[in-house]
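**Q** Before I ask anything, let me first share the structure, which is written out below as C-alpha coordinates.
The values are calculated or read from the model by the stated rules, or taken from the named source; none is laboratory data. What you see is a predicted model, and the numbers here were worked out from it, not measured in a lab. So basically every Cβ, Gly included, is an ideal-geometry build from the backbone, and we count neighbours across all protein chains shown.
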Amino acid sequence: MKISMTGVAVAAAVFAGAASADTVYVDTQGPGYFGSQDWKSTVNVSGPGANGSFNAGQFQLTGDTLGNFAAFCVDLAGRLSDGLPGVYEVKNDMFSNPVLANIDKLFSSAYASVQDAASAAGFQIALWEIIEDSDNLSDNTNSGFDLNGGNFKLVSQSTEVRDLANDFLDGLAGASVGGYKYTYLDSEDGQDLVTISPVPVPAAGLLLLSGLGGIAALRRRKKA
(Lines give C-alpha, C1' and ligand atoms only; values in the text may rest on other atoms or scores of the structure.)
Protein backbone atom coordinates (compact mmCIF):
# COMPACT_ATOMS: atom_id res chain seq x y z
CA MET A 1 0.00 0.00 0.00
CA LYS A 2 1.61 3.14 -1.11
CA ILE A 3 0.68 5.28 1.80
CA SER A 4 4.17 3.86 2.19
CA MET A 5 5.46 0.34 2.31
CA THR A 6 6.28 1.06 5.95
CA GLY A 7 2.59 1.72 6.44
CA VAL A 8 1.83 -1.67 4.91
CA ALA A 9 4.17 -3.41 7.31
CA VAL A 10 2.60 -1.67 10.31
CA ALA A 11 -0.85 -2.65 9.07
CA ALA A 12 0.01 -6.32 8.54
CA ALA A 13 -0.90 -7.39 12.06
CA VAL A 14 -4.09 -5.36 11.93
CA PHE A 15 -5.21 -7.00 8.68
CA ALA A 16 -4.44 -10.42 10.08
CA GLY A 17 -6.91 -9.71 12.86
CA ALA A 18 -9.44 -8.20 10.48
CA ALA A 19 -9.45 -11.32 8.32
CA SER A 20 -11.31 -13.14 11.08
CA ALA A 21 -13.90 -10.38 11.43
CA ASP A 22 -17.06 -10.23 9.34
CA THR A 23 -17.30 -6.50 8.70
CA VAL A 24 -15.35 -3.26 8.91
CA TYR A 25 -16.49 0.36 8.82
CA VAL A 26 -14.61 2.22 6.07
CA ASP A 27 -14.29 5.94 5.30
CA THR A 28 -11.92 8.20 3.39
CA GLN A 29 -8.74 9.57 4.94
CA GLY A 30 -9.44 12.86 3.16
CA PRO A 31 -9.24 15.00 1.24
CA GLY A 32 -11.32 13.00 -1.23
CA TYR A 33 -11.03 9.32 -2.07
CA PHE A 34 -7.39 9.51 -3.16
CA GLY A 35 -6.06 11.37 -0.12
CA SER A 36 -3.35 13.99 -0.05
CA GLN A 37 -1.22 12.09 -2.59
CA ASP A 38 -4.03 12.32 -5.16
CA TRP A 39 -2.60 9.46 -7.23
CA LYS A 40 -5.24 9.26 -9.95
CA SER A 41 -5.78 9.96 -13.66
CA THR A 42 -9.00 10.32 -15.63
CA VAL A 43 -9.50 7.51 -18.14
CA ASN A 44 -12.28 6.50 -20.51
CA VAL A 45 -13.15 2.81 -20.37
CA SER A 46 -15.75 0.34 -21.57
CA GLY A 47 -16.63 -2.71 -19.53
CA PRO A 48 -19.43 -4.71 -17.89
CA GLY A 49 -21.75 -2.25 -16.20
CA ALA A 50 -19.51 0.75 -16.81
CA ASN A 51 -18.85 2.96 -19.82
CA GLY A 52 -17.39 6.45 -19.73
CA SER A 53 -14.86 8.51 -17.80
CA PHE A 54 -13.54 7.37 -14.42
CA ASN A 55 -10.79 8.35 -12.03
CA ALA A 56 -8.35 5.43 -11.94
CA GLY A 57 -5.79 5.26 -9.17
CA GLN A 58 -5.01 4.30 -5.59
CA PHE A 59 -7.55 5.06 -2.87
CA GLN A 60 -6.43 6.16 0.58
CA LEU A 61 -8.98 4.97 3.12
CA THR A 62 -9.34 4.24 6.81
CA GLY A 63 -11.18 1.52 8.71
CA ASP A 64 -12.30 1.22 12.30
CA THR A 65 -10.25 -1.97 12.78
CA LEU A 66 -7.77 -1.46 9.94
CA GLY A 67 -6.36 2.01 10.49
CA ASN A 68 -5.20 3.86 7.38
CA PHE A 69 -4.77 1.75 4.27
CA ALA A 70 -4.55 1.99 0.48
CA ALA A 71 -6.85 0.09 -1.86
CA PHE A 72 -7.79 -0.46 -5.49
CA CYS A 73 -11.16 -0.98 -7.15
CA VAL A 74 -12.17 -4.53 -8.14
CA ASP A 75 -15.74 -3.62 -9.11
CA LEU A 76 -15.94 -1.50 -12.23
CA ALA A 77 -19.73 -1.26 -12.07
CA GLY A 78 -19.86 0.00 -8.48
CA ARG A 79 -19.51 3.57 -7.25
CA LEU A 80 -17.29 4.24 -4.25
CA SER A 81 -19.44 7.21 -3.27
CA ASP A 82 -22.44 4.89 -2.80
CA GLY A 83 -20.63 2.86 -0.14
CA LEU A 84 -18.52 5.40 1.76
CA PRO A 85 -18.66 5.90 4.60
CA GLY A 86 -20.11 2.50 5.24
CA VAL A 87 -19.79 -1.12 6.29
CA TYR A 88 -17.83 -3.60 4.18
CA GLU A 89 -17.74 -7.37 4.48
CA VAL A 90 -14.19 -8.73 4.77
CA LYS A 91 -13.40 -11.63 2.42
CA ASN A 92 -10.31 -13.64 1.52
CA ASP A 93 -11.25 -13.83 -2.15
CA MET A 94 -14.00 -12.79 -4.55
CA PHE A 95 -13.05 -14.27 -7.93
CA SER A 96 -12.20 -17.41 -9.87
CA ASN A 97 -8.80 -19.05 -9.46
CA PRO A 98 -7.39 -17.65 -12.76
CA VAL A 99 -8.36 -14.11 -11.72
CA LEU A 100 -6.93 -14.51 -8.22
CA ALA A 101 -3.69 -15.94 -9.62
CA ASN A 102 -3.24 -13.00 -11.97
CA ILE A 103 -4.07 -10.47 -9.25
CA ASP A 104 -1.31 -12.06 -7.15
CA LYS A 105 1.11 -11.82 -10.09
CA LEU A 106 0.21 -8.18 -10.70
CA PHE A 107 0.80 -7.03 -7.13
CA SER A 108 3.93 -9.16 -6.76
CA SER A 109 5.54 -7.92 -9.96
CA ALA A 110 4.26 -4.35 -10.30
CA TYR A 111 3.03 -2.81 -7.06
CA ALA A 112 6.48 -1.59 -6.06
CA SER A 113 6.44 0.51 -9.25
CA VAL A 114 3.35 2.46 -8.17
CA GLN A 115 4.98 5.77 -7.29
CA ASP A 116 2.78 8.51 -8.76
CA ALA A 117 -0.56 9.30 -10.41
CA ALA A 118 0.29 7.77 -13.80
CA SER A 119 1.62 4.48 -12.40
CA ALA A 120 -1.31 4.20 -9.96
CA ALA A 121 -3.75 4.67 -12.86
CA GLY A 122 -1.86 2.18 -15.02
CA PHE A 123 -1.93 -0.35 -12.18
CA GLN A 124 -5.69 0.11 -11.71
CA ILE A 125 -6.31 -0.35 -15.44
CA ALA A 126 -4.24 -3.53 -15.47
CA LEU A 127 -6.24 -4.78 -12.46
CA TRP A 128 -9.56 -4.12 -14.22
CA GLU A 129 -8.30 -5.94 -17.32
CA ILE A 130 -7.28 -8.95 -15.22
CA ILE A 131 -10.63 -9.10 -13.42
CA GLU A 132 -12.74 -8.82 -16.57
CA ASP A 133 -10.68 -10.88 -19.03
CA SER A 134 -8.59 -13.50 -17.17
CA ASP A 135 -11.32 -16.13 -17.52
CA ASN A 136 -11.41 -15.60 -21.30
CA LEU A 137 -7.74 -16.38 -21.96
CA SER A 138 -7.07 -19.57 -23.91
CA ASP A 139 -3.70 -20.19 -22.22
CA ASN A 140 -1.83 -19.40 -19.04
CA THR A 141 0.86 -17.19 -20.54
CA ASN A 142 -1.14 -13.96 -20.14
CA SER A 143 -0.40 -13.19 -23.78
CA GLY A 144 -4.09 -12.69 -24.45
CA PHE A 145 -4.54 -9.51 -22.42
CA ASP A 146 -5.55 -6.72 -24.77
CA LEU A 147 -6.70 -3.28 -23.63
CA ASN A 148 -8.33 -2.76 -27.02
CA GLY A 149 -10.50 -5.89 -26.92
CA GLY A 150 -12.29 -8.35 -24.66
CA ASN A 151 -14.78 -7.50 -21.94
CA PHE A 152 -12.74 -4.54 -20.72
CA LYS A 153 -11.46 -1.86 -23.10
CA LEU A 154 -9.38 1.23 -22.47
CA VAL A 155 -10.93 3.79 -24.82
CA SER A 156 -8.84 6.89 -24.12
CA GLN A 157 -6.17 8.04 -21.67
CA SER A 158 -2.69 9.52 -21.66
CA THR A 159 -0.09 7.56 -23.61
CA GLU A 160 1.96 7.19 -20.43
CA VAL A 161 -0.89 5.56 -18.52
CA ARG A 162 -1.65 3.11 -21.35
CA ASP A 163 2.03 2.19 -21.72
CA LEU A 164 2.36 1.58 -17.99
CA ALA A 165 -0.76 -0.60 -17.92
CA ASN A 166 0.58 -2.67 -20.82
CA ASP A 167 3.98 -2.96 -19.13
CA PHE A 168 2.34 -4.23 -15.94
CA LEU A 169 0.31 -6.80 -17.90
CA ASP A 170 3.39 -7.92 -19.84
CA GLY A 171 5.19 -8.44 -16.54
CA LEU A 172 2.71 -11.09 -15.38
CA ALA A 173 4.45 -13.83 -17.35
CA GLY A 174 6.86 -15.58 -15.02
CA ALA A 175 6.08 -13.26 -12.11
CA SER A 176 6.82 -14.57 -8.63
CA VAL A 177 3.86 -14.78 -6.25
CA GLY A 178 3.09 -15.17 -2.58
CA GLY A 179 4.54 -11.93 -1.25
CA TYR A 180 1.25 -10.44 -0.12
CA LYS A 181 -1.88 -11.35 1.77
CA TYR A 182 -5.01 -10.06 0.04
CA THR A 183 -8.06 -8.67 1.81
CA TYR A 184 -11.17 -8.04 -0.26
CA LEU A 185 -13.80 -5.60 0.96
CA ASP A 186 -17.29 -6.31 -0.33
CA SER A 187 -19.80 -3.44 -0.31
CA GLU A 188 -23.51 -4.11 -0.60
CA ASP A 189 -24.19 -0.62 -1.96
CA GLY A 190 -20.89 0.72 -3.27
CA GLN A 191 -17.65 -0.44 -4.87
CA ASP A 192 -15.72 -3.58 -3.93
CA LEU A 193 -12.04 -3.13 -3.09
CA VAL A 194 -8.80 -5.02 -2.56
CA THR A 195 -5.98 -4.12 -0.20
CA ILE A 196 -2.80 -5.94 0.74
CA SER A 197 -0.44 -6.64 3.59
CA PRO A 198 2.98 -8.30 3.24
CA VAL A 199 3.33 -11.95 4.14
CA PRO A 200 5.40 -12.03 7.36
CA VAL A 201 8.96 -13.33 7.19
CA PRO A 202 9.00 -16.84 8.78
CA ALA A 203 10.52 -17.02 12.26
CA ALA A 204 13.38 -19.12 10.88
CA GLY A 205 14.11 -16.37 8.40
CA LEU A 206 14.22 -13.79 11.17
CA LEU A 207 16.62 -15.98 13.11
CA LEU A 208 18.78 -16.29 10.03
CA LEU A 209 18.86 -12.53 9.59
CA SER A 210 19.78 -11.97 13.23
CA GLY A 211 22.45 -14.64 12.93
CA LEU A 212 23.99 -12.92 9.94
CA GLY A 213 23.95 -9.66 11.87
CA GLY A 214 25.74 -11.36 14.75
CA ILE A 215 28.41 -12.74 12.43
CA ALA A 216 28.98 -9.28 10.98
CA ALA A 217 29.34 -7.83 14.48
CA LEU A 218 31.89 -10.48 15.42
CA ARG A 219 33.91 -9.70 12.31
CA ARG A 220 33.93 -6.00 13.17
CA ARG A 221 35.17 -6.78 16.68
CA LYS A 222 37.98 -8.99 15.33
CA LYS A 223 39.11 -6.24 12.96
CA ALA A 224 39.15 -3.76 15.84
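**Q** Give region 165-224 a look and list any residue that's modelled with pLDDT of 80 or more and part of a helix (DSSP H, G or I), or say none.
**A** 165, 166, 167, 168, 169, 170
**Q** Next question, about the same structure. Among 34, 72, which is buried (at least 20 other Cβ atoms within 10 Å of the Cβ), within 16 Å of the chain's Cα centre (by Cα) and in a strand (DSSP E or B)?
**A** On the way: 34 fails: in a strand (DSSP E or B).
Going through 34, 72 in turn, just one is buried (at least 20 other Cβ atoms within 10 Å of the Cβ), within 16 Å of the chain's Cα centre (by Cα) and in a strand (DSSP E or B): 72.
**Q** Write out, first by first residue and then by second, each pair whose Cβ atoms fall under 9 Å of each other, whose residues are 6+ apart or on separate chains, and whose first residue, in region 105-130, is in contact (Cβ under 8 Å) with a residue 24 or more places away in the chain and closer than 16 Å to residue 150 by Cβ while the second is basic (Lys, Arg) and in a helix (DSSP H, G or I).
**A** Within 9 Å, the pairs are 125/162; 130/105.
**Q** Of the residues that make up region 76-84, is at least one over 27 Å from residue 159 (Cβ atoms), in a strand (DSSP E or B) and of a type outside the set (S, T, N, Q)?
**A** no
**Q** Okay, next question. What are the residue pairs meeting all of these: first residue in region 79-101, first residue closer than 15 Å to residue 180 by Cβ, second residue among the hydrophobic types (A, V, I, L, M, F, W, C), Cβ atoms under 8 Å, and 6 or more apart or on different chains?
**A** Listed pairs, sorted by first residue: 92/19; 93/100; 101/177.
Rundown of residues vs (1) farther than 21 Å from residue 128 by Cα; (2) modelled with pLDDT of 95 or more; (3) of a type in the set (A, V, I, L, M, F, W, C), yes/no style:
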position: 9; (1), (2), (3): yes, no, yes
position: 15; (1), (2), (3): yes, no, yes
position: 22; (1), (2), (3): yes, no, no
position: 27; (1), (2), (3): yes, yes, no
position: 42; (1), (2), (3): no, yes, no
position: 58; (1), (2), (3): no, yes, no
position: 74; (1), (2), (3): no, yes, yes
position: 84; (1), (2), (3): no, no, yes
position: 91; (1), (2), (3): no, yes, no
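**Q** Could we say that residue 104 is surrounded by fewer than 21 Cβ atoms within 10 Å (Cβ to Cβ) and modelled with pLDDT under 95 here?
**A** Values: surrounded by fewer than 21 Cβ atoms within 10 Å (Cβ to Cβ): yes; modelled with pLDDT under 95: no.
When the stated conditions are applied, residue 104 does not pass them.
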